[in-house]
Structures are given as structure tokens and as C-alpha cells.
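Worksheet: one structure, shown below.
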Amino acid sequence: MSLGPEDWWREAVVYQVYPRSFQDTNGDGIGDLEGVIQRLDYLNDGTERSLGIDAIWLSPTFPSPMADFGYDVSDYCGVHADFGTMETMDRLIGECHRRGIRLLLDWVPNHTSEEHPWFIESRSSRHNPRRDWYIWRDAKPDGSLPNNWKSVFGGPAWTLDETTGQYYLHSFLKEQPDLNWRNPEVEAAMLETLRFWFGRGIDGFRIDVMGMIVKHPELADNPLNGDWMPGDRERSTQLWQNNRNYPEVYDAVKRIRAVFDEYPGRMGVGEVFGTAEEVGRYYGDDDGNGLHLAFNFQFIHEAEHGLTAWDAGALRRIVNAAEASLPAEAQPCFALGNHDRPRFISRHNADARGPERARAAVILLLGLRNTPFIYYGEEIGMEDVDIPEDRLQDPARIRTIGRDPERTPMQWDASPGRGFSPAEPWLPFGDTSPNVADQDRDPGSLLSLYRRAIWLRRNTAALLRGAYRELPAPADVFAWARVLPGEPSVAVAVNTGPTPREVDLPGGGTVILATDQALEGPLKSGKLTLPPLAAAMVQAPKY
């Protein structure tokens, strides 16, 4: 496949910045856009002393009452005062582009804030021209709710509006009413918000809950989940058949993609949930009329198996299913964490060996055929923070698992303010270790391993564009090769077990990256011996 500049995302490494927690420059304890500008050289200054990322995804920066920290948008064409001004955003775009970094914003098409002017009009009367911009229904004849749908955050997905006597749908908080994407005016207005930002130079969008924007036309009840067990999340009592991944959503995806195609070089990545097959449908068909990328979150959580164990069999199953489910010339998009899920080490640290697994995970993520996304702080091994009850912020915690522990401020150094802010931060810091300053000059640190892995990928054709081919491996080892005609191949092996394992690589080769630098160098006898929980990349003419 011949790649042009508009295909930059195929070879990119993307870094997720949670703006509230990245860098505070005005002393209010909240990160801001100026802080992102000040830290751009850390992300990529053009040298291997920087992380080497190609693009930044900013979690929501739009004006918002912050009921759900920006995912309740009151204006899609502005900047929240906590983060700066439109002028600051324009400077950020320019400073990113000067360094060759693309910038993605977080687009929230499923719902707005209840304070958005559209909803204020919609709820003002049953006859307002924007009434049908949201989803309103009467109670059933017996007085019960319009249907049985649950909110993602728990409780019913319907709230009664006393003024007009009807219920409105909210798939999340009651402060986040769902837009009616079956109304062409709504779709047209939302697509115009994309054009607004493309016109300002934004390179693309992460699209929030892409799979929920189009629901069953009759809002039919969801079937009950016969496998639900007491103690499971409330929303799992039913199968989300009629309000997520409803078949007509894929037509809306194509129309969204058409707007991206009006601006060559723009990219859309969707937050979607489901099986590998369901994720694959968001890419469209072989003509490339769907999303450029759709997140596969199964390294974090599998719908069929629950929270994903660090297990070679599970990793192999996830990758092979993703590869088998995509249309021609599409590629997967994996992540090890994000702002909604416990951090990687915290998920895999029951035996206190999470930091070792985190080192192997770098090699997994950067060695697979995919567009990798890295959550801020992942590169220094940040863990979830135990937050006192009186400091908790996340509104979702009232009915479901709170997300504050994985959103704490970036730890730049070991000072009391961690280099993040001189003020009391909006969420408390974790322990002084890990931090960037301590790891910066340590060649054996996790940060150094991330830097080496990213820059190696940038400079190795097989890792950028090579096909994926699974390799035979012993129990506890997931091994594969990246193969590109005319270029040296790269084999990657990850030992998820507690004992050493030996992997046969008949092509021999040289270990070019490993969790332990002592493993690097020429292979002896075409065999790679991996210590427990170790991983390595091996380059050879052919595998």
C-alpha cells in the first residue's frame, strides 16, 4: 500500500492528554492549554531525548458546566475558561504543527449539556422548533418510564421534565440529554462543528461513544441479561441491543466520514464497545467509508471474558480476532488504558509485579500492527491513587466505579507540587515516585524504554507497515512477526508467565529491544530465552 501524507495516522503513536491533569500554568490547581504548550518538547522535540509521539488527543476542552468534566458540552465551538481561550487553542495548534505533532480534539456527538442553548430551547415547550433535537417521550399508559434502558452511570436513562410533563433520554447523567440523530437538522448542526474545527487546523477527533448516537426507531426495551449476577454493575442487567451498535449507526458513520474527507489528512477514531466483529464494522467496507480507526479496548476489558488478564492466550485471542475482523487495508487501534479505566499497573499488580508487566506491555503495544494510544503518565508507570472521600470528584462514583484514581495530575518531579502546580491540585497526587525527572536520565527506566520503543518503531519499516503473522511459541508466550517485503523482519515475543521460556527463531537475528537491556544483542543458536514476564523484539532478514 502506498502511503501519502494524508495517511499519517497509520504510522502514528498518539498520546492522550487529560488537560485538567497535565500542567497548570496559572496556579489554580487545574491543568490548562498553556501547560500543554509548555510540555510539547517533552512529547516530541525532534530528538530521541523526547518521547517521540506523533499526535496528541486532548480530552474535552469545550465550554461545559463540568457535570461530567467536559463530556457535557454547552458549546462545541469554544474553549472552557479553565483551560484558556480560543487564542490559546490556536497557539497550541500552531506550536504542535511546528513540531510535526498533530492535534485531535474530543468530539461528543451523543449528548450535550442540559445547559446547551439547543436543550434550553428544546425543553422550553413541546412546540419549540428544537423540541425534536432531543429524545422526548411520554410515560407509558401505566405511568411507568418510556422504556427499560439504563444509564451508563446507573439508574434509569429517563428523567421527567416538570415543565412539559415528558421524559427526556440521557444515556449518562441527567445533565447530559441525548441528541436525536434521526433528526437531519441535528446531524447537520453537529457536522458543522467538525468543519468549524477543521477550518482552524485541528487534525482530527476522538469520537465519544460513537456506537450510541443512533438508537432503535421505536426505542424498544432492551432484553434482560440472563447471565447477570448480583454484584455486577446495574447496567449489566440488560443487553444493550437497542441503544448501542444499532445497525443504522453505521450509515451515520459514513456520513461523518464524508465530512472528514472534505479535509484531506484529517482522522477520526471512534470510542466503540463490543466484540472484535462489532468494532470492525465501524471501519466501513473495503472502500474505506467508515472511521479511520476504532478503539479496541480488549487489552483492558473483553465483553465475553471481563477484565483482561495478562495472559498470552488472552492477548493472542484478542489480536487474532481484531486482525480477522477488519476490512482490507484497515488496521487495529489498541490502548492499555485511558481516563475511564484503572491504570495498567494497578490492574496487574496483585502480586506486586505490575511494573514488570508494564515493561513488557510497552513492547506489546509498540510491536503490534496498530495505531497505539498512550495515556498520559503511562510512560512513567503512574498508578491509581487512593483518594480520600472528601476529595472525590467523579459524579459517576455515586452509582458505579469512580474514575478519579486514574485521572490524578501528571508527576513531573518529586517536589510537593510534582512540577504540575504550586497550588492544591484538583485531585491529590500519588506517591512521589514515579516521576519524569527521576526517570529522565536513567537508561533503565520505564520512560527510557518507552522512548526507545517509540523511536525504534519510527525508524523501522517493518514495525510501521509490516503485516502481522503469528509465530509458534511455548505456553505463556505470545509471539508474532512483522513482515514487509524488501525490509528486515521483526519478531516480537512476550512471556506472560512466572518461569523462563525459550522461543525458537530459526532466522536467528539480533535482539533490538528488550525489557532488560542485558538481553539485547545477537541471538545464539536461533533461540530467544525470555525471563519471567519479559519481552523482546528481534530483527532478522526474514521470519
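Within the range 377-408, being assigned to a helix (DSSP H, G or I) and basic (K, R) holds for R391, R397. The residues on offer are L219, L160, L169, and the sole one that is under 25 Å from T275 (Cα atoms), more than 23 Å from the chain's Cα centre (by Cα) and at pLDDT 95 or above is L219.
Looking at K140, K150, which one is surrounded by fewer than 19 Cβ atoms within 10 Å (Cβ to Cβ) and over 30 Å from M86 (Cα atoms)?
Details: K150 fails: surrounded by fewer than 19 Cβ atoms within 10 Å (Cβ to Cβ).
Only one candidate qualifies: K140.
A quick yes/no check of all residues on (1) assigned to a helix (DSSP H, G or I); (2) surrounded by 14 or more Cβ atoms within 10 Å (Cβ to Cβ); (3) without any contact (Cβ under 8 Å) to a residue 40 or more places away in the chain; (4) in contact with a helix residue (DSSP H, G or I) (Cβ under 6 Å, 6 or more places away or on another chain):
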residue	(1), (2), (3), (4)
Q176	no, yes, no, no
R182	no, yes, yes, no
F205	no, yes, no, no
D221	no, yes, no, no
G268	no, yes, no, yes
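Got at least one residue in the range 527-538 being charged (D, E, K, R) and at pLDDT 95 or above?
Quick first cut of the range 527-538, residues charged (D, E, K, R) only: 527.
Filter again for at pLDDT 95 or above, leaving none.
No: zero hits.
For the range 314-345, what are the residues that are under 26 Å from W228 (Cβ atoms), part of a helix (DSSP H, G or I) and not β-branched (V, I, T)? Within the range 314-345, A314, R317, A321 meet the criteria. The residues on offer are K542, K527, and the sole one that is surrounded by fewer than 16 Cβ atoms within 10 Å (Cβ to Cβ), farther than 27 Å from A328 by Cβ and in contact with a strand residue (DSSP E or B) (Cβ under 9 Å, 6 or more places away or on another chain) is K527. The lone criterion from (1) in a loop (DSSP other than H, G, I, E, B); (2) over 23 Å from M66 (Cβ atoms); (3) not hydrophobic (A, V, I, L, M, F, W, C) left unmet by P109 is number (2). Within the range 475-489, the set of residues being out of contact with any Leu (no Cβ under 6 Å at 6 or more places or on another chain), at pLDDT 95 or above and of a type outside the set (S, T, Y) comprises D476, V477, V483, L484, P485, G486, E487, P488.
Exactly one residue among R465, R469 is modelled with pLDDT of 95 or more, touching a strand residue (DSSP E or B) at 6+ places or on another chain (Cβ under 7 Å) and of a type in the set (D, E, K, R), and that residue is R469.
Suppose we filter I120, I135, I93 for residues that are in contact with a Leu (Cβ under 6 Å, 6 or more places away or on another chain), of a type in the set (A, V, I, L, M, F, W, C) and within 28 Å of G199 (Cα to Cα); which single one remains?
The unique qualifying residue is I93.
Just to be sure before I move on: is A350 over 26 Å from P443 (Cα atoms), assigned to a loop (DSSP other than H, G, I, E, B) and hydrophobic (A, V, I, L, M, F, W, C) in the structure I sent? Give the derivation first.
Values: over 26 Å from P443 (Cα atoms): yes; assigned to a loop (DSSP other than H, G, I, E, B): yes; hydrophobic (A, V, I, L, M, F, W, C): yes.
Spelling it out, A350 is indeed over 26 Å from P443 (Cα atoms), assigned to a loop (DSSP other than H, G, I, E, B) and hydrophobic (A, V, I, L, M, F, W, C).
Within the set H339, H348, the sole residue that is within 13 Å of Q16 (Cα to Cα) and in contact with a helix residue (DSSP H, G or I) (Cβ under 8 Å, 6 or more places away or on another chain) turns out to be H339. For residues that are free of Cβ contacts under 8 Å to residues at least 60 places away in the same chain and at negative phi, scanning just the range 65-81, find the one that is surrounded by the fewest Cβ atoms within 10 Å (Cβ to Cβ). That would be A81. Please verify whether the range 284-296 includes one or more residues that are of a type outside the set (G, A, S) and touching a Leu at 6+ places or on another chain (Cβ under 7 Å). For the range 284-296, residues of a type outside the set (G, A, S) and touching a Leu at 6+ places or on another chain (Cβ under 7 Å): absent.
Out of the range 280-298, which residues are crowded, with 18+ Cβ neighbours inside 10 Å and assigned to a loop (DSSP other than H, G, I, E, B)?
Residues of the range 280-298 that are crowded, with 18+ Cβ neighbours inside 10 Å, as a first pass: 280-284, 290-298.
If the condition is that a residue be crowded, with 18+ Cβ neighbours inside 10 Å and assigned to a loop (DSSP other than H, G, I, E, B), then Y282, Y283, G284, G290, L291, H292, F295, F297, Q298 are the ones that fit.
Only one entry of D24, D45 meets the criterion of being over 26 Å from T371 (Cα atoms), touching a residue at least 12 places away in the same chain (Cβ under 8 Å) and outside any helix (DSSP H, G or I), and that entry is D24. Return a yes/no flag: does the range 354-363 have any residue that is touching a residue at least 24 places away in the same chain (Cβ under 8 Å), surrounded by 19 or more Cβ atoms within 10 Å (Cβ to Cβ) and part of a loop (DSSP other than H, G, I, E, B). No; the residues of the range 354-363 include none that is touching a residue at least 24 places away in the same chain (Cβ under 8 Å), surrounded by 19 or more Cβ atoms within 10 Å (Cβ to Cβ) and part of a loop (DSSP other than H, G, I, E, B). Every test in (1) out of contact with any helix residue (DSSP H, G or I) (no Cβ under 9 Å at 6 or more places or on another chain); (2) free of Cβ contacts under 8 Å to residues at least 24 places away in the same chain is passed by T510 save one, and that test is (2).
A quick yes/no check of all residues on (1) without any contact (Cβ under 8 Å) to a residue 12 or more places away in the chain; (2) assigned to a loop (DSSP other than H, G, I, E, B); (3) not acidic (D, E):
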site	(1), (2), (3)
W240	no, yes, yes
R255	no, no, yes
F273	no, yes, yes
E278	no, no, no
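The conditions of being in a helix (DSSP H, G or I) and surrounded by 21 or more Cβ atoms within 10 Å (Cβ to Cβ) are met by F119.
If the condition is being out of contact with any helix residue (DSSP H, G or I) (no Cβ under 7 Å at 6 or more places or on another chain) and farther than 27 Å from Y263 by Cβ, then the range 8-31 contributes R20, S21, N26, G27, D28, G29. Scanning the range 127-137 for residues that are over 19 Å from E271 (Cβ atoms), assigned to a helix (DSSP H, G or I) and touching a residue at least 24 places away in the same chain (Cβ under 8 Å) turns up at least one hit. For the range 485-541, the set of residues classified as in contact with a Pro (Cβ under 9 Å, 6 or more places away or on another chain), closer than 19 Å to L456 by Cβ and among the charged types (D, E, K, R) consists of D516 only.
The values are calculated or read from the model by the stated rules, or taken from the named source; none is laboratory data. Everything numeric in this text was worked out from a predicted model, so none of it was measured. Ideal geometry is used to build each Cβ from the backbone, glycine not excepted, and the neighbour counts take in all protein chains shown.
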